[in-house]
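Participant: Here it is, the structure in full.
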Amino acid sequence: MNSPPKFLVGTASWTDPTLTATDEFYPRSVHTPAERLSFYAERFPTVEVDSTYYALPSERNSRLWVERTPPGFIFNVKAFALLTRHPAEIARLPKMIRSMLSEAERAGERLTKPSPEVMELAFRMFAGALEPLRQDGKLGKLVFQFPPYFVRSQAAFDYIDGLPERLAGFELAIEFRHPSWVVEGAVRAQTLEFLARRGLAYVSVDAPRGPAIMTSFLEATGPDAYVRFHGRNAENWFRRGIAPAERYKYLYSERELSEWVAPLKRLRSATRAFVIFNNCYRNFGVMNATTMAQMLAH
């Protein structure tokens, strides 16, 4: 490939409460879910859906997202918590899954060790709900963001190895949060080769620098590159008891964004590059996404 990829720049949410509470992006006249998504989709070609991590999506919402966005708009969807080895809130599980739980599990706040039967149903419900997006050509990647305790091991490789079969026909992107996966040298090469052989996109990240934080570097393991900008709020990165918006409260400078522009433009191994801003505090994400899109266009 002799030309840079097609850049699709957007944010990791269009409904974050710190954003919708102000008029810094949405005008005061835009206040319904339908109006917000339409307004957003007029300005960006893609978005990453964050709500699907907290609760399984519905087929109805997928149909509404199709109707409210123009042709060619792409939704990337975060995988549901259970599918990425995170605990899930019992109260937000569908009735069908709750009925499969033991009395002790239903009495708890979170489900941490789901049975194989629960996992199988969760995968089926997740995939089924996204069919309207896939059929309309508006579904990009299913983003599997694994927890920091999902360390590089044979069991972890085996779990990832089974994902393409469980979600046949979908495009998957893998984000690691434990640096053991990408130790520079042979380990990193083996991880990236493993993903490439299975048609899985590696998710590159921009995050604070630190020994227990994923290394920031650009890599494409397939026809699509995927980059998530988490901000560089080192002070809040490991802080407990704060809202996600506080953890990612960071506004990139143009100088910081420019560190990624040349590498992205030099990328020749991908036809598309999703550039997603997860620093969704107030209008920080949309501001940085707008600037990055302009920088990549020149």
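Participant: Residue pairs, Cβ under 9 Å, 6 or more apart or interchain, first in the range 53-69 and farther than 29 Å from L111 by Cα, second part of a helix (DSSP H, G or I) and open to solvent by 70 Å² or more (accessible area, probe 1.4 Å). List them.
Facilitator: Filtered contacts from the range 53-69: L64/P33; V66/Q135; R68/P33; R68/E35.
Participant: Separate question: Taking the stated definitions as given, is V49 surrounded by 21 or more Cβ atoms within 10 Å (Cβ to Cβ) and among the aliphatic types (A, V, I, L, M)?
Facilitator: Values: surrounded by 21 or more Cβ atoms within 10 Å (Cβ to Cβ): yes; among the aliphatic types (A, V, I, L, M): yes.
Spelling it out, V49 is indeed surrounded by 21 or more Cβ atoms within 10 Å (Cβ to Cβ) and among the aliphatic types (A, V, I, L, M).
Participant: Let me ask something else about it. Among residues belonging to the range 78-135 that are of a type in the set (S, T, N, Q) and free of Cβ contacts under 8 Å to residues at least 12 places away in the same chain, point out the one that is farthest from V47 (Cα to Cα).
Facilitator: In the first step, residues of the range 78-135 are kept if they are of a type in the set (S, T, N, Q); the result is 84, 99, 102, 112, 115, 135.
If we keep only those that are free of Cβ contacts under 8 Å to residues at least 12 places away in the same chain as well, we get 99, 102, 135.
Values: S99: 33, S102: 37, Q135: 18 Å.
Residue satisfying both the conditions and the ranking: S102.
Participant: Residues in the range 30-39: is at least one in contact with a helix residue (DSSP H, G or I) (Cβ under 9 Å, 6 or more places away or on another chain), surrounded by 19 or more Cβ atoms within 10 Å (Cβ to Cβ) and within 18 Å of D224 (Cα to Cα)?
Facilitator: At the first step, the residues of the range 30-39 found to be in contact with a helix residue (DSSP H, G or I) (Cβ under 9 Å, 6 or more places away or on another chain) are 30-31, 33-34, 36-37.
Filter once more, so that each one left must be surrounded by 19 or more Cβ atoms within 10 Å (Cβ to Cβ): 37.
If we keep only those that are within 18 Å of D224 (Cα to Cα) as well, we get none.
Scanning the range 30-39, I find no residue that is in contact with a helix residue (DSSP H, G or I) (Cβ under 9 Å, 6 or more places away or on another chain), surrounded by 19 or more Cβ atoms within 10 Å (Cβ to Cβ) and within 18 Å of D224 (Cα to Cα), so the answer is no.
Participant: Still on this structure, please answer the following. Could you please let me know if R85 is within 22 Å of W14 (Cβ to Cβ) and at pLDDT 95 or above? Working first, answer last.
Facilitator: Details: within 22 Å of W14 (Cβ to Cβ): no; at pLDDT 95 or above: yes.
Here the answer is no, as R85 does not meet what is asked.
Participant: So, one more: May I ask you to list the residues in the range 106-130 that are open to solvent by 40 Å² or more (accessible area, probe 1.4 Å) and touching a helix residue (DSSP H, G or I) at 6+ places or on another chain (Cβ under 7 Å)?
Facilitator: Listed by number, the residues that qualify are R106, E109, R110.
Participant: Output the qualifying pairs, or none if there are none: Cβ atoms under 6 angstrom, residues six or more apart or on different chains, first residue in the range 168-191 and of a type in the set (A, V, I, L, M, F, W, C), second residue open to solvent by 10 Å² or more (accessible area, probe 1.4 Å) and at pLDDT below 95.
Facilitator: These pairs meet every condition: V182/T215.
Participant: May I pose another question? Any idea which of (1) closer than 19 Å to R247 by Cα; (2) touching a Leu at 6+ places or on another chain (Cβ under 7 Å) is the one P4 doesn't satisfy?
Facilitator: Failed condition: (1).
Participant: Check whether at least one residue in the range 217-237 is free of Cβ contacts under 8 Å to residues at least 12 places away in the same chain, among the polar types (S, T, N, Q) and more than 18 Å from T191 (Cβ to Cβ), and report yes or no.
Facilitator: Here is the first cut: in the range 217-237, the ones free of Cβ contacts under 8 Å to residues at least 12 places away in the same chain are 235.
Pick out the ones that are also among the polar types (S, T, N, Q) and you get none.
No, the conditions are met nowhere in the range 217-237.
Participant: In the range 74-93, which residues are open to solvent by 30 Å² or more (accessible area, probe 1.4 Å) and farther than 29 Å from R272 by Cα? Don't jump to the end; show me each part of the working.
Facilitator: Filtering the range 74-93 down to residues open to solvent by 30 Å² or more (accessible area, probe 1.4 Å) leaves 85, 87, 89, 91-92.
Those that are open to solvent by 30 Å² or more (accessible area, probe 1.4 Å) and farther than 29 Å from R272 by Cα: P87, E89, A91, R92.
Participant: Are there any pairs with C-beta distances below 6 angstrom linking a residue in the range 5-20 that is within 15 Å of L296 (Cβ to Cβ) to a residue that is assigned to a loop (DSSP other than H, G, I, E, B) and open to solvent by 40 Å² or more (accessible area, probe 1.4 Å), with the two at least 6 apart or on different chains, and if so which?
Facilitator: P5/T271; L8/P45
Participant: Being open to solvent by 10 Å² or more (accessible area, probe 1.4 Å) and of a type in the set (A, V, I, L, M, F, W, C) is the filter here; which residues of the range 134-157 pass it?
Facilitator: Let us first name the residues in the range 134-157 that are open to solvent by 10 Å² or more (accessible area, probe 1.4 Å), namely 134-137, 139, 141, 145, 148-155, 157.
L139, F150, V151, A155, F157 - these are the residues of the range 134-157 that are open to solvent by 10 Å² or more (accessible area, probe 1.4 Å) and of a type in the set (A, V, I, L, M, F, W, C).
Participant: Report the residue count in the range 252-298 for those that are in contact with a Pro (Cβ under 6 Å, 6 or more places away or on another chain), of a type in the set (K, R) and not in a helix (DSSP H, G or I).
Facilitator: Summing the residues that are in contact with a Pro (Cβ under 6 Å, 6 or more places away or on another chain), of a type in the set (K, R) and not in a helix (DSSP H, G or I) in the range 252-298 gives 1.
The values are calculated or read from the model by the stated rules, or taken from the named source; none is laboratory data. Keep in mind that this is a model prediction, so the values were computed, not measured. FYI the Cβ positions are ideal-geometry reconstructions off the backbone, even for glycines, and counts take in every protein chain you see. Side chains included, ligands, DNA and RNA excluded: accessible areas come from the protein's heavy atoms. Shrake-Rupley method; radii C 1.70, N 1.55, O 1.52, S 1.80 Å.
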